[in-house]
1. Residue-wise, which Karplus ³J(HN,Hα) couplings in Hz belong to region 248-254, taking 6.51 cos²θ - 1.76 cosθ + 1.60, θ = phi - 60°, and x for glycine or proline?
2. Using the crude model of +1 on Lys and Arg Cβ and -1 on Asp and Glu Cβ, and no other charge, please compute the dipole size for region 174-277 relative to its Cα centre, in debye to 20.
3. Read phi for every residue in region 339-348 and hand back ³J(HN,Hα) as whole Hz from Karplus 6.51 cos²θ - 1.76 cosθ + 1.60, θ = phi - 60°, with x for Gly and Pro.
4. Subtract the Cα-Cα distance of Ile463 and Ala409 from 0.36 nm times their separation in residues, and report this length gain in nm to one decimal.
5. Going by a ≥ b ≥ c, the root eigenvalues of the Cα gyration tensor, does region 143-199 fall in the rounded group (a/c under 1.5), the prolate group (a/b larger than b/c) or the oblate group?
6. Quick check: pseudo-label points 7 Å beyond the Cα along Cα→Cβ at Asp484 and Asp127, how many nm apart are they?
7. Ranking Asp246, Asp350 by Cβ neighbours within 10 Å, fewest first, what do you get?
8. In a solvent-free Debye calculation with one equal scatterer on each Cα, what is log10 I(q)/I(0) for region 185-288 at q = 0.10, 0.14, 0.15 Å⁻¹, listed in the order of the q values?
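Each reported figure results from applying straightforward, stated rules to the coordinates on display, with no laboratory input. A quick note: this is a predicted structure, and the numbers were derived from the prediction, not measured. Heads up, the Cβs are rebuilt from the backbone with ideal geometry, glycines too, and the neighbour counts pull from every protein chain shown.
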Amino acid sequence: MKQYRRLFIVVVVLSLLGSTLIAQGPDTLWTRTYGGIYYDMSRSIQQTSEGGYIICGWTNSFGAGSDDVYLIKIDSEGDTTWTKTFGGTFSDGGYSVKQTPDKGYIIVGYTISYGGGDGDLYLIKTDSLGNTTWWRDYGDIYFDMGRSVQVTFDSMYVIAGYTYGANSWDVYLLKVRKNGTLYSLNQLGGPLSDRGYYVYETADSGYIVVGNTSSYGAEGDDIYLIKTDLNGDTLWTKFYGGTENDVGYSIQQTSDGGCIICGWTYSFGAGNSDGFLIKTYPNGGLLWLRTYGGVYNDGLFSVREVSGGGYIACGYTKSFGIGTPEHSNIYLIRTNPDGNILWTKTYGGDSPDNGYSIQQTDDNGYIITGSTSSFGAGAADVYVIKTKPDVGVRECKDSRKETQDIRLACHPNPFTTSTQIILTLPSIGQGAEGNSSAQEHSDREDIALHIYDVSGRLIRRLIPEFQSSRVQRVEWKGRDDRGDTVKQGIYFVRVEIKAENWSKSYRSKIIKLR
C-alpha cells in the first residue's frame with residue numbers, strides 16, 4: 001500500500017503544474033466599490049454556498065455610531081443583495097466573517113459601544129439575511145480585539161485576537177458554543193506584547209494561530225506560530241524572524257500537513273519592508289522563506305493554497321503599480337509550491353489601495369477585498385476584485401462532485417464495548433444500470449481511519465480490510481494502538497482518503513460511555 005499523507009479538509013486535486021512559468025495572471029472579470037461619502041473598509045470576504053460573496057469590515061458612512069460593523073452580501077456579479085450595520089454610538093468594527101452551517105454568518109471584531117472595558121471583542125451571529133440572531137462581547141477592563149473566526153467541525157466557533165493585561169498584550173484564543181456561550185478561553189504569550197491575527201482549524205481538530213511576539217525570538221517583533229489542541233491548550237510554539245520587526249498575518253494548513261504563512265518583514269528582503277511567505281513542516285519547522293517586493297514598503301495580508309498547487313497571496317505594494325511610491329496599490333502574488341513567483345498583479349489608482357483578504361473561487365479565479373481611496377464615492381470605499389479563471393489551476397469541479405456523496409456514521413454511538421465505523425463512498429463512475437464497478441473502486445489507493453482524543457492526540461489507526469468496497473465497515477473496540485482500553489470520554493474518528501483523482505477527509509464524534 002502506498003504511503004498515506006494526511007490531507008487538509010478541502011478537496012485537493014492531485015496534480016502538478018508544468019515547469020513552464022505563467023507569464024500573465026488572469027484578467028479582471030469585474031471590480032466593485034461599496035460605501036458612502038466617508039470612510040468604509042473591508043477586511044474579510046468568503047464565497048457563499050449559493051455562489052455569491054459575504055464581506056465584512058466597518059463603515060463611517062452608515063449606521064448608528066462613528067464606526068459600525070459593516071456586512072455586505074453580493075451576488076456572483078458583484079451586485080449588492082443587502083447590507084447591514086451593527087453597533088452603537090461609539091466605534092465598532094468587523095475583521096472576519098464566515099458562513100455558518102445554517103446559511104447564516106458569524107462575524108468577529110471589536111466594540112467600544114458595548115461591554116465593560118475600553119473595548120471588547122465583538123461576536124455577532126446572523127441569519128441568512130444578515131439579521132442579528134445574537135451577539136456577545138468578551139473581555140476585561142482593558143482592550144480586547146477579535147481578528148479571526150472559524151467555524152469548527154463540532155459546530156462551534158474559534159476566535160483569535162489579542163487582549164491587554166499586566167501592562168502588555170497577549171494572544172487571545174476563545175472557543176464559543178453555537179449559542180454564544182464561552183466554551184474555553186486561553187491567553188497565550190510571554191511577559192512582553194504578543195498578538196494573534198489569524199486562526200485555522202487543523203486536521204487533528206486543533207488550531208494554529210499566527211501573529212507576532214516581542215516576548216520570544218530575536219530582537220524586535222517576530223512571527224509567532226502557536227499550535228494548540230481543540231481546547232486551545234498549547235502543544236508547541238515557533239518563532240521566525242530577524243533583528244527587525246516581522247509580523248505574520250494569515251495562515252493555512254496545507255495539503256501536506258504543514259503550514260503556509262504570510263505577512264511583512266523588515267528583517268529580510270529588498271526594501272524597507274517586504275511581503276513574505278513561510279512554508280513549514282507539520283511540526284512547525286521552517287521549510288522555506290521567500291520575500292516579495294521592491295525598494296519601498298510592501299506587505300501581504302492573506303494567503304491561500306491553490307487547488308492545482310502553489311499559493312495565492314494579496315496585500316499592498318508601494319514599489320510597484322500606479323500609486324508608487326507615495327501611495328499603495330493592491331498586490332497579488334501567485335507562486336508555485338516552492339514559493340517562486342509565477343506572476344504578480346497590481347490593482348488601484350493614485351491614492352491608497354490595499355488588499356486584505358483573498359479566496360480561490362469555484363471557477364478557479366480569485367476574489368479579493370480591501371479598501372480603495374482611488375475609486376468610489378467616499379474618502380475610502382470597500383473594494384472587491386473578481387478575476388477570471390487562473391489558467392495555471394487545474395479544474396477541480398469534477399472532484400467536488402465525486403466526493404459530495406461520501407457519508408460517515410458510527411453505530412452504536414455512544415457505545416460501551418465497541419462501535420462500527422461505516423464509510424459509504426461515492427460512485428466514481430456509473431455503469432449501465434447506475435452501479436459502479438469493482439474495477440472503478442479498485443482505483444482507490446488509500447483509505448485510513450484515525451481515532452483522536454480531545455487533545456488531538458492520535459490513539460488508533462485503522463485500515464479497512466477491503467479497500468475496493470464502496471461501503472467500508474471497521475469495528476473499533478475502544479482500544480489504542482498498544483491494545484489498552486481507552487478511558488470514558490469523547491473521541492473523534494477521521495476518515496482520510498487518497499485516490500487517483502481526488503482526496504478528502506471527514507470527521508465524526510464518538511462517545512465512549514465506560
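1. Result, ordered by residue: x, 10, 8, 8, 8, 6, 9 Hz.
2. About 480 debye.
3. In residue order, the calculated couplings are x, 7, 5, 8, 6, 9, 9, 10, 9, x Hz.
4. Stretched fully, the Ile463-Ala409 segment lengthens by 17.8 nm.
5. In terms of gyration-tensor shape, prolate.
6. Roughly 5.1 nm, to one decimal.
7. By the 10 Å Cβ count, ascending, the order reads Asp350, Asp246.
8. -0.24, -0.48, -0.55
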